[in-house]
1. Scan segment 206-259 residue by residue and report those that are of a type in the set (Val, Ile, Thr) and within 30 Å of Leu104 (Cβ to Cβ).
2. Which one of these is assigned to a helix (DSSP H, G or I), open to solvent by 60 Å² or more (accessible area, probe 1.4 Å) and not aromatic (Phe, Trp, Tyr): Asp46, Asp55, Asp83?
3. Quick check on my filter: what residues within segment 237-260 are closer than 21 Å to Gln21 by Cβ, of a type outside the set (Ser, Thr, Tyr) and free of Cβ contacts under 8 Å to residues at least 40 places away in the same chain?
4. Quick check, is Thr137 under 21 Å from Ser71 (Cβ atoms) and open to solvent by less than 70 Å² (accessible area, probe 1.4 Å)?
5. Sort out which residues of segment 100-134 are among the basic types (Lys, Arg), modelled with pLDDT under 95 and surrounded by fewer than 14 Cβ atoms within 10 Å (Cβ to Cβ), and write them in order of number.
6. Check Pro195, Pro220, Pro191 and return the single one that is closer than 30 Å to Phe283 by Cβ, in contact (Cβ under 8 Å) with a residue 60 or more places away in the chain and open to solvent by 50 Å² or more (accessible area, probe 1.4 Å).
7. For residues in segment 232-288 being within 24 Å of Arg80 (Cα to Cα) and basic (Lys, Arg), which is most open to solvent (accessible area, probe 1.4 Å)?
8. Of all residues in segment 167-188, which are free of Cβ contacts under 8 Å to residues at least 40 places away in the same chain and under 22 Å from the mean Cα position of the chain (by Cα)?
Amino acid sequence: MLESLRGKRMMFVGDSLNRGQYVSMVCLLHRLIPEDKKSMETYNNDALTVFRVKDYNATIEFYWAPFLLESNSDNAVVHRISDRIVRKGSMNKHGRHWKGVDILVFNTYLWWVTGQDMKILKGSFKDVEKEIMQISTEDAYRMAMKSLLRWVTRNLDREKTRVFFTSMSPTHSKGNWGGEAGENCYNQTTPIVDPNYWGSDSRKSIMKVIGEEFSKSEFPITFLNITQLSSYRKDAHTSIYKKQWNPLTTEQLANPASYADCIHWCLPGLQDTWNELLFAKLFHPDLI
């Protein structure tokens, strides 16, 4: 992998799930590299993280953009905003940081799924009177995919840049796999064995949007479909074993399932498999 990345930039772009895949990739590689031959730095108010491998003149990077488009959740540190707003036609806001990258790995999904219509801003966040429309999640997501494909086609050289898009990462916050009522990923130690299992949180309507829009793309994009294989892994989440941003209450401590993180994944773990698939599609596209 390192030899193949010699002289190149690889960048993961998206939300914290894509950051998890980025961290997985770095962890898979960094132990082979002497301490004085590697570095990890952040830029642009922590939006950009760069792992640099000096002897290979290579970087593996992560850029925070949970919607890919500009939004009011773009702060890489403080972004827990319930009233999410996405600016229409704003791919260049973040896209200027992606130019010149040799391998781009995009993702975006979970931030769009709020249970309500999405708020889309026409104009600028700087406007005193903001024009905001509300549209369905599927329509908003389609808007984002069209913007991404338009940006990729206009700004990247298909002879120099490989582009990947990772499908939705499933959650296991609701035990709809045949377990006990109210069950989630907490204390789960075995995968789901039903080969036909598909979690209700993974919207097939969004997969349909991706399929329809990507089929029209003039620029070749490799789809990294991790949804089905990940949906079995109710046992692979960080659960209660993660940093808690706020002190836990007495009620939470008495019921660990109430604060278990059933969205993100443990490392080492499942996301290493995602990178095995990425590696295969990147360097052996004829075999997969």
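The values are calculated or read from the model by the stated rules, or taken from the named source; none is laboratory data. Please read all numbers here as calculations on a predicted model, not as lab measurements. Methodologically, a virtual Cβ is constructed for each residue, glycine included, from the backbone with ideal geometry; neighbour enumeration extends over all protein chains shown. Surface accessibility is based on the protein's heavy atoms, side chains included, excluding ligands, DNA and RNA. Shrake-Rupley method; radii C 1.70, N 1.55, O 1.52, S 1.80 Å.
1. Ile206, Val209, Ile210, Ile221, Thr222, Ile226, Thr227, Thr238
2. Of Asp46, Asp55, Asp83, the one residue that is assigned to a helix (DSSP H, G or I), open to solvent by 60 Å² or more (accessible area, probe 1.4 Å) and not aromatic (Phe, Trp, Tyr) is Asp55.
3. Lys242, Lys243
4. Here the answer is yes, as Thr137 does meet what is asked.
5. Lys126
6. Exactly one of Pro195, Pro220, Pro191 is closer than 30 Å to Phe283 by Cβ, in contact (Cβ under 8 Å) with a residue 60 or more places away in the chain and open to solvent by 50 Å² or more (accessible area, probe 1.4 Å), namely Pro220.
7. Lys243
8. Within segment 167-188, just Lys174 meets the criteria.
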